[in-house]
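Just so it is clear, none of the values below were taken in a lab; they were calculated from the coordinates. None of the values given here were measured: they were computed from a predicted structure. Note that we place each Cβ from the backbone using ideal geometry, even for glycine, and neighbour counts take in every protein chain shown.
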Amino acid sequence: MTTPNRLRVAIVEDHALTRAGLRTTMEREFTVVAEAADGPGGLAAILRERPDVAVVDLGLPGLDGIALTQAVREGAPQTHVVILTMLDDGGDVLAALAAGADAYCLKSSPVQNIVDAVRVAGEGGAYFDPRIAHVVLARFHAEAGARADSPLTPRETDVLRLVADGIGNAEIGERLYIGLGTVKGHVRDILEKLKASDRTQAAVVALRRGYI
């Protein structure tokens, strides 16, 4: 029986030992409702169970993680997707992001990172492994254009663009000719508007939505 308020998670991973390890890890905090060893089986399980979060290996047989993510976005849009892979290539991350993935973790990451990614994605946020986040943000930032329906003010947009480039608060203040307290206030408002728990998540959310 599913415990109230626990996220419901599906795991799609072709390596049996890795899948078992993920299940053990996930069951400490979440409820695992489905497992699959390939893309087609994973899609069928996700469409059947409608989990809150699907943890998806990038290199799946039959239907890779990016194609599976696209299919989930179309068939079960309420399910958030966490991509899990051995690869740390920025191009793969951007492809997963473009497909609609909410989080991206390396399999070599600490287990807690993966748990954090599932929790953040389940709450509607975005998570990227800290080791590749800034590379991804920089590449995505170069391709992104601001949208008119952004909830951010022009000054908040300026601040978040610098955040996405990995600039600290003190230097942001110097570049924009505003005080450190003002920068911190803008960052706090940005996190609240984008429902992000930290600066990196705020930048990823804004980039995905085309706000910066």
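Reducing region 1-75 and region 145-201 to their Cα centroids gives an inter-centroid distance of 34 Å. Neighbour counts of other Cβ atoms within 10 Å put Thr31, Thr69 in the fewest-to-most order Thr31, Thr69. Taking all Cα pairs closer than 8 Å and separated by 6 or more residues, the relative contact order of the chain comes to 15 percent.
Across region 144-209, the mean sequence separation of Cα contacts (distance under 8 Å, 6 or more residues apart), normalised by length, yields a relative contact order of 34 percent. With respect to the chain, whose longest principal axis is taken over its alpha-carbon atoms, helix 180-194 is tilted by about 40°. Helix 39-49 and the longest principal axis of the C-alpha atoms of the chain enclose an angle of approximately 80°.
With contributions of -39500 (n - 2.57) from each DSSP H run of at least four residues, the per-residue ellipticity at 222 nm computed over the chain stands at -16500 deg cm²/dmol. Its Cα centre serving as origin, the chain has a Cβ charge dipole (Lys and Arg +1, Asp and Glu -1) of approximately 500 debye. Computed from Cα atoms, the angle from the helix 16-26 axis to the main principal axis of the chain rounds to 60 degrees. Partners of Lys193 within straight-line reach, counting aspartates and glutamates whose Cα lies under 18 Å from its Cα and excluding those fewer than 8 residues away in the same chain: Asp102, Glu123, Asp149, Glu156, Asp158.
Can you compute log10 of I(q)/I(0) for the chain with the Debye formula, treating each Cα as one identical point scatterer, at q = 0.07, 0.10, 0.11, 0.14 Å⁻¹? Taken in order of the listed q values, log10 I(q)/I(0) reads -0.22, -0.44, -0.52, -0.80.
Per-residue packing, averaged as other Cβ atoms within 10 Å, sorts the ranges 174-185, 49-60, 13-24, 101-112 into the order 49-60, 101-112, 13-24, 174-185, beginning with the highest.
For region 144-209, the fraction of C-alpha pairs farther apart than 15 angstrom is 43 percent. Using C-alpha pairs under 8 Å with a sequence gap of at least 6, the mean separation divided by the residue count of region 1-103 gives a relative contact order of 25 percent.
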